[in-house]
1. So, for the stretch 3-79, what is the accessible surface per residue at a probe of 1.4 Å, expressed in square angstrom?
2. Can you classify the stretch 3-79 as rounded, prolate or oblate using the Cα gyration tensor, where a ≥ b ≥ c are the square roots of its eigenvalues, rounded means a/c under 1.5, and otherwise it's prolate if a/b beats b/c and oblate if not?
3. Under the 0.36 nm per residue contour assumption, what length would be gained going from the current alpha-carbon distance of LEU68 and GLU26 to full extension?
Amino acid sequence: QDKDAQRLTKRLNRHKQELFTFLEHEDVSPYNNHAEQQMRKPVLTRKVSQQNRSEDGAKTQAILMSLLRSAELQRINPVENLLASAKNALMVKTPSGFACKIAC
């Protein structure tokens with residue numbers, strides 16, 4: 001009778017062939033939360049250090065964690081990659097085609 005239970009039953013019936021694929025194939029993970037697992041380290045860091053007391057702080061950390069984790073997954077030094085990205089962002093091309101720092 002419960003609408004939530006009916007919706008769950010319908011969904012389970014629709015996906016019953018896919019629910020236990022991991023039991024039949026050794027290379028299939030039983031978890032469907034790869035992205036959540038990737039973000040576990042940054043989330044724990046944020047919680048322990050009590051960061052993100054502002055919206056801007058949360059946005060900044062999200063961007064930095066994304067850049068650092070992406071570099072790490074590509075086996076690139078995350079700190080060097082972040083520094084190179086920051087230096088690149090601070091460079092602008094002059095009308096004559098030369099690159100200079102923003103303060104030039």
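1. Working: 7110 Å² over 77 residues.
In whole numbers, the stretch 3-79 has 92 Å² accessible per residue.
2. Details: a/c = 3.64, a/b = 1.72, b/c = 2.12.
Oblate, since a/c reaches 1.5 and b/c is not below a/b.
3. Working: separation 42, 0.36 × 42 = 15.12 nm, distance 3.07 nm.
Extending this stretch completely gives an extra 12.1 nm.
The values are calculated or read from the model by the stated rules, or taken from the named source; none is laboratory data. If you're wondering where the values come from, they're calculated on a predicted model, not measured in any experiment. To get the accessible areas, we keep the full protein, side chains included, count just its heavy atoms, and leave off ligands, DNA and RNA. Shrake-Rupley method; radii C 1.70, N 1.55, O 1.52, S 1.80 Å.
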